[in-house]
Each structure stands twice: as structure tokens, then as C-alpha cells.
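**Student:** Just dropping this structure here.
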Amino acid sequence: EDIKFEIRQFERMASDMGAVNMKALEIYDKVEREYKGLLDKKEELKKERGDVLVMINEIDSKKKELFMATFEVLNRNFQRIFVTLSTKGEAFLDLEDPNDPFAAGLDIKVRLTGKRFMDIRSLSGGEKTLTALAFLFAVQEHEPASFYVLDEVDAALDKRNSEKLAGLIRSYTQKAQYVVISHNDGVISEADVLYGISMNEHGMSKVTTLKI
């Protein structure tokens with residue numbers, strides 16, 4: 001009786017299962033092959049990921065090395081040119097995070113009087129102009145271009161500093177062409193060719209050219 005009872009239970013279980021899918025083994029084999037293929041791809045991707053990480057580390061190392069080499073050149077140029085333009089003080093470029101320069105910024109430190117270096121934002125208009133120009137020319141010396149356009153960069157400078165700026169630009173004209181817009185006599189006097197723009201009573205512009 002116990003055996004008959006178990007047989008009836010198994011018969012009900014078989015009935016509940018329904019018809020047997022005879023293609024199940026075939027489907028299983030197909031899914032198993034796909035699964036093994038995915039495992040192989042996973043291992044291949046892990047290897048490629050390792051190669052990519054090694055390449056990224058090499059690139060980051062070379063990038064930092066190139067950046068620091070360029071920074072050192074710019075800093076030396078900047079310090080030298082600042083002393084040329086300014087009648088007093090000194091300045092330098094300062095990395096906020098020397099260990100990871102790409103994660104932080106760059107400060108310009110200037111000392112005009114006393115022992116304390118100040119941020120460029122603490123300077124007067126003329127002092128900011130000289131500092132910015134020194135940085136501009138420092139970049140120019142490292143990566144020169146064929147010509148430059150300077151639009152009234154001397155507006156905040158006094159006569160003496162304007163003459164210093166004009167002399168510096170004159171020394172660079174051997175390697176590049178400069179188009180300088182200025183109302184300052186100290187700058188104009190160093191030009192090779194002058195172009196004066198005026199307006200007549202009819203509102204029409206007139207260009208006057210003078211070759212010095």
C-alpha cells in the first residue's frame with residue numbers, strides 16, 4: 001500500500017509537470033556553449049583592461065613629466081620677464097598641488113615691497129597688467145606664434161612702464177609681427193609703421209599711415 005501511494009504521488013507530479021520538452025537537452029547544450037563563450041570573453045576583457053590600465057598609467061606619468069618640464073620653463077621665463085617689466089619686486093608661478101598638478105590650479109605670486117608675496121588679485125590695475133603681460137610673454141617665448149595683436153594693454157600703465165613694455169615688444173619683433181593698439185606716446189614711438197584712425201564730420205573713418 002505504501003508503494004502504491006508513492007506511485008500515485010509520482011504520477012500526480014508527472015501529470016502536473018505536463019508534456020516533456022524533448023528539445024530541452026538541445027537548448028541546454030546551446031545555452032551552455034553561449035555561457036562558456038561569455039566566460040572566455042570575460043577573461044579576454046579582464047586581460048585587455050589590465051593592458052589599458054598599464055597604458056593609462058604610462059600616459060599619466062609622461063603627461064605629468066611633460067607638464068612639469070613646461071611649467072619650469074614658463075616659470076623661469078615669467079620671473080625673468082617680470083623683473084624686466086617691473087621696476088621693483090619679483091614674482092613666480094606656484095602650483096597649488098605639486099604632487100598632482102592636474103587636480104588643482106596655478107597661482108601667480110608677486111612681491112613688490114616687504115617680505116610677503118601677494119596673490120595677483122591684491123595688486124593694482126597697473127601691477128596686474130605688468131604681471132599678466134609677463135605671463136603672456138613667458139608663454140610666447142616657449143610656444144611662439146607668427147604675429148600678435150595687443151589691444152590697449154598699456155592703458156593702466158604709467159609712462160615709465162609703458163616705455164619698458166615698448167622696449168620688450170621691440171626686442172621680440174625680430175621673430176614675430178606685432179599689431180599694437182595704443183594711445184601711449186611711449187609705445188607709439190617704438191613702432192615701425194603707424195596707422196591713425198580718425199572720423200570726419202560725416203561720420204566716416206579716415207586712415208592715416210606713417211612709416212617711421
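The values are calculated or read from the model by the stated rules, or taken from the named source; none is laboratory data. Just so it is clear, the structure is predicted and the values come from calculations on it, not from any experiment. So basically every Cβ, Gly included, is an ideal-geometry build from the backbone, and we count neighbours across all protein chains shown. Accessible surface is based on the protein model in full, side chains and every heavy atom, while ligands, DNA and RNA are left aside. Shrake-Rupley method; radii C 1.70, N 1.55, O 1.52, S 1.80 Å.
**Student:** Any residue that is within 20 Å of the chain's Cα centre (by Cα) and assigned to a helix (DSSP H, G or I) - is there at least one of those in the range 79-94?
**Tutor:** no
**Student:** A further question follows. Enumerate the pairs (first residue in the range 66-80 and closer than 21 Å to Leu130 by Cβ; second residue anywhere and open to solvent by 60 Å² or more (accessible area, probe 1.4 Å) and of a type in the set (D, E, K, R)) with beta-carbon separation below 8 Å, excluding pairs fewer than 6 apart on the same chain, so at least 6 apart or on different chains.
**Tutor:** Matching pairs, first to second residue: Asn77/Glu141; Gln79/Glu90.
**Student:** Related question: Please work out which residue is modelled with the lowest pLDDT, limiting yourself to the range 101-117 and to residues that are assigned to a loop (DSSP other than H, G, I, E, B) and either open to solvent by 70 Å² or more (accessible area, probe 1.4 Å) or of a type in the set (Phe, Trp, Tyr) (or both).
**Tutor:** Once the filter is applied, the top-ranked residue is Lys115.
**Student:** Counting only residues that are closer than 24 Å to Gly89 by Cα and open to solvent by 80 Å² or more (accessible area, probe 1.4 Å), give me the helices (runs of 4 or more DSSP H) lying completely in the range 118-212 with at least 2 of them.
**Tutor:** Result: 159-172.
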